[in-house]
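A.B. asks: The structure that follows is given in the form of C-alpha cells.
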Amino acid sequence: MKKVPKVVVIGLDAATWTVIRPLMAEGKMPNLAKLMKAGVSGPLQSIMPPITPPAWTSFMTGKNPGKHGIYNFIKSEQGSYAMKYANATSRRAPTVWKLLNDAGYTVGTMNVPFTYPPEPLNGFQISGMDTPSETSPFIHPPELRDELVRHVGGIQLDVRFLGAMSTDERRDQVLAEMKQIDEQWTKAALYILENHPQDVMMFVFMSIDTVQHHFWHHMDKEHFLHDPARAPKFGDTVCKVYERLDAATGQIIDRLPPETAVFVVSDHGGGPTVDRTIYLNRYLAQLGLLHYKDNAVSPLRKLAQKVLRAGFSALRGTLTSRQKTKLAELFPKLREKSELAYSSFTDIDWTRTKAYCSEVLASPPSIRINLKGVKPQGIVDPADYESLITSIIEKLADLKDPRTGKPVINRVYRRHEVFQGPFADEGADLILDWWSENSLFSTEPSFPEHTNEPALSIREHLPQGKAEWGGTHRLYGIIVARAPAFKAGAKIENARLIDIAPTLLHLLDVPVPEDMDGKVLTSFFQPDFLSAHAVRAGAASGTSGTDRPSGYTDEESAKVEERLQALGYLE
Ligand SMILES: [Zn+2]
C-alpha cells in the first residue's frame, strides 16, 4: 500500500502577515485562509539575528545557534580575523529529520536552506540555497536526481542575473525566472508526493524572500525608495508571488488526506528597509576603539583599494548569497584580497584595535572584541571585557536620528543573551537589533579615508538604474498548521521557530531531547490529545560532528566561472 504522509511542512522563506493579511481580506490567498480555518495560526518568532542560515538551522534542530554553530552565511575562523563561508557541514547538532529516522519514520526534504551536502536520510534530501551548483551532488539518493530530471526537468537552484537588475527589462527577466523556479519546485513537490511519499515531508519556496528584498519599495508608498512612476508596473510584484505560492500550497494540500498534519512556516518575516545607514567601523574608529594603519590612506594604497572595492562593491549588491559563497570558495585569493579590502581589514591596525565589525558580505550588524588569548593580536584583557562591552553599548545609543532625536539602535544584545551552548563563543560579542520596528537601519562598509565623516547617514533616494534593496527581514514570521490533534480556527500568539522541531516530534509520539531549546507548542493541541499523550522528555541529542565533504569539483568550478562571466565579474 502506498505510504500516506503523516506530516507535510511547507516553508515559505520570509513570509510575513503584513503582506498576507490584506491579501487574504481580498480573497487572494484562499488556500492559506482555508488552512487557518482548519487549524491554528499566528506569528512565529524567529531566532536572533533573524537571517536564513541560523533560522532554518534552528528550525531543523530545535536549538539556538550556540548549540548548532550556524550564525550567518559566514563564520569566524578560530585563531584568526578571517571569516569563512558556512554550509551544512558547519552544523553540529542533529536534525529533527535524523531523530525521526531513528524513531522509524521516513523523511524527505526539498530545498531547505543550509542542508548541503544532503544528509543520507532514510527517505530523501534535496539541498537548498547553500548548494554550490546544479551539478553538485545535492540530491540524496543520487538516483532521485535522474528521475527528477526525466519527470520534472533539470532543477535550477537560483535566479540568475539578480544582480543585473538595473533596468526594468532585467527586472522582468528576473521575475520570469523566479516564476519558473517556483513552478519547477511545485512540480517536483507534486511528483515526489505522488511517487516517493515519506512519513514526514518538507518543501521550501524561496521566492518571497527574494522578491521582498528587491521589490518591497514598489508596493510600499511610504518607502524612501518608492517611485510612483514605476508603481503601476511593479506595485503588485510582491503580492503576485504570495498568490502564486498560495496556489502551490493549495496544490500540495489538495493531494493530502485530512489526517495528514500540514504546517506552513516562514523562517523570519519581512519588512521595508529604511534610509538610515550606520558605518560601524567608522564609528568605532571615531570612539578610538579601532585604529587604521598609518599608511592606510597613502595614494598608492588608496588606488589599489579602490580597484578591489569597485569589483567587490558590485558583487555585494548583486550576487545571491549562494553565488557569493561559490565565488568565495572558488577564488580564495580573490576573496581574501577583495573582502579584506572591502571590510578594511587590511587597513586595521590590530595592535591598537579593541573592537571591530566584520563588514563583509551578508554580515548582519555585530561587533567583535579583539580579546587577548583569543585573537592572534588581541589587546583587550579579559578583565576589561565587561566594561568595554558596556561602554560600547552606551556609545551605540548616542547614534541618534537627527530628525527625531531618538536612538537608531534600540537594543544591543550581549553574546550570551542570545547564544547559549558549546559553540556560543563563535558568535559575535555584540548583536545589534536591526530587525525591530523601532531599531531599523542598515550598515555599509567603512574606509579609513572617510573616518571623519558622520557614522550615521540618511540615505537619499537612489538614482535610477541601480539595483535596489527595498526589503529586509523582521523577527516575526508566520505559522499556520492543521492536524487532527490540533485546535481548529485558533489564534496562537507565542509560537517560536525553535519550537517546531519538538512539536513535530511530539505529534509523532517521539520523546523530545532534553537539550532542545524549543518547547512543544502545547497551545496547538486539543486538550484531549494532550491528556492522552503527555510530552515525553528524551535523552539529549547532543552535538554531531561533520564528516561530510563539501569541496567543489572541477566541473562545478567551471560552471561557477561561466556564471560569473555572464554576470560580468570575470574577464
Ligand atoms: Zn530566510
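A.B. asks: Which pairs turn up if I take residues in region 188-206 that are in contact (Cβ under 8 Å) with a residue 40 or more places away in the chain and look for partners that are within 16 Å of the ligand (Cβ to nearest atom) and open to solvent by 30 Å² or more (accessible area, probe 1.4 Å) with beta carbon separation below 7 Å, at least 6 apart in sequence or on another chain?
C.D. replies: Taking only residues 6 or more apart or on different chains, the pairs are Met206/Met129.
A.B. asks: Here is a follow-up. Restricting to region 515-534, name every residue that is surrounded by fewer than 21 Cβ atoms within 10 Å (Cβ to Cβ), touching a residue at least 12 places away in the same chain (Cβ under 8 Å) and not in a loop (DSSP other than H, G, I, E, B).
C.D. replies: Once the filter is applied, which keeps residues that are surrounded by fewer than 21 Cβ atoms within 10 Å (Cβ to Cβ), touching a residue at least 12 places away in the same chain (Cβ under 8 Å) and not in a loop (DSSP other than H, G, I, E, B), region 515-534 yields Thr522, Ser523, Phe529.
A.B. asks: Scan region 493-512 for residues that are open to solvent by less than 10 Å² (accessible area, probe 1.4 Å) and not in a helix (DSSP H, G or I) and report the count.
C.D. replies: Final tally of qualifying residues: 1.
A.B. asks: Follow-up. Is one or more of the residues making up region 124-147 in contact (Cβ under 8 Å) with a residue 40 or more places away in the chain and at positive phi?
C.D. replies: Among the residues of region 124-147, not one is in contact (Cβ under 8 Å) with a residue 40 or more places away in the chain and at positive phi, which makes the answer no.
A.B. asks: Oh, and also: Checking the condition modelled with pLDDT under 95, touching a His at 6+ places or on another chain (Cβ under 9 Å) and not in a loop (DSSP other than H, G, I, E, B), which residue from Thr543, Thr472 passes?
C.D. replies: Thr472
A.B. asks: Now for a separate question. Kindly check whether there is at least one residue in region 41-52 that is away from the ligand (no atom under 16 Å from the Cβ) and either surrounded by fewer than 23 Cβ atoms within 10 Å (Cβ to Cβ) or among the aromatic types (Phe, Trp, Tyr) (or both).
C.D. replies: Yes, the conditions are met somewhere in region 41-52.
A.B. asks: List pairs: first in region 4-27 and on the phi < 0 side of the Ramachandran plot and modelled with pLDDT of 95 or more, second within 14 Å of the ligand (Cβ to nearest atom) and in a loop (DSSP other than H, G, I, E, B), Cβ under 6 Å, 6+ apart or cross-chain?
C.D. replies: Short answer, once both residue conditions are applied: Leu12/Ser266; Asp13/Met206; Asp13/Asp267; Ala15/Ser266.
For (1) away from the ligand (no atom under 16 Å from the Cβ); (2) farther than 23 Å from Trp17 by Cα, each residue gets a yes or a no:
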| residue | (1), (2) |
| --- | --- |
| Phe114 | no, yes |
| Ser127 | no, yes |
| Ser133 | yes, yes |
| Pro137 | yes, yes |
| Ile155 | yes, yes |
| Met206 | no, no |
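A.B. asks: Mind counting the residues in region 393-416 that are acidic (Asp, Glu) and out of contact with any strand residue (DSSP E or B) (no Cβ under 8 Å at 6 or more places or on another chain)?
C.D. replies: Filtering region 393-416 down to residues acidic (Asp, Glu) leaves 394, 398, 401.
Going one step further and asking which of them are out of contact with any strand residue (DSSP E or B) (no Cβ under 8 Å at 6 or more places or on another chain), we end up with 394.
Total satisfying the criteria: 1.
A.B. asks: Can you report the number of residues in region 492-515 which are within 24 Å of Gly250 (Cβ to Cβ) and within 26 Å of the chain's Cα centre (by Cα)? It would help to see each step written out before you state the result.
C.D. replies: Of region 492-515, the ones within 24 Å of Gly250 (Cβ to Cβ) are 492, 495, 497, 500, 503-504, 507.
Of the ones still in play, those that are also within 26 Å of the chain's Cα centre (by Cα) are 492, 495, 497, 500, 503-504.
Final tally of qualifying residues: 6.
A.B. asks: Looking at region 185-219, which of its residues are over 20 Å from the mean Cα position of the chain (by Cα), open to solvent by 20 Å² or more (accessible area, probe 1.4 Å) and closer than 25 Å to Lys233 by Cα?
C.D. replies: Passing the criteria: only Met219.
A.B. asks: Now, a different point. Could you grab the pairs with beta carbons closer than 7 Å, sequence gap of 6+ or different chains, first residue in region 500-511 and closer than 11 Å to Val200 by Cβ, second one of a type in the set (Phe, Trp, Tyr) and assigned to a loop (DSSP other than H, G, I, E, B)?
C.D. replies: Leu508/Tyr105
A.B. asks: Residues of region 102-112 being more than 16 Å from the ligand (Cβ to nearest atom) and under 16 Å from Gly11 (Cβ atoms), which ones?
C.D. replies: First, the residues of region 102-112 that are more than 16 Å from the ligand (Cβ to nearest atom): 102-108.
Val107, Gly108 - these are the residues of region 102-112 that are more than 16 Å from the ligand (Cβ to nearest atom) and under 16 Å from Gly11 (Cβ atoms).
A.B. asks: If I filter region 58-66 for residues that are within 15 Å of the chain's Cα centre (by Cα), within 16 Å of the ligand (Cβ to nearest atom) and open to solvent by 10 Å² or more (accessible area, probe 1.4 Å), do I get at least one hit?
C.D. replies: No, there is no match, as no residue in region 58-66 is within 15 Å of the chain's Cα centre (by Cα), within 16 Å of the ligand (Cβ to nearest atom) and open to solvent by 10 Å² or more (accessible area, probe 1.4 Å).
A.B. asks: Go through region 174-187 and give me each residue that's more than 28 Å from Trp97 (Cβ to Cβ), of a type in the set (Val, Ile, Thr) and either within 16 Å of the ligand (Cβ to nearest atom) or free of Cβ contacts under 8 Å to residues at least 24 places away in the same chain (or both).
C.D. replies: Selection gives nothing.
The values are calculated or read from the model by the stated rules, or taken from the named source; none is laboratory data. The structure presented is a predicted model; accordingly, all values stated were derived computationally and were not measured. Positions of Cβ are generated from backbone atoms using ideal geometry, with glycine treated the same way; all protein chains shown enter the neighbour counts. Areas reflect the complete protein model, heavy atoms only, side chains present, ligands, DNA and RNA absent. Shrake-Rupley method; radii C 1.70, N 1.55, O 1.52, S 1.80 Å.
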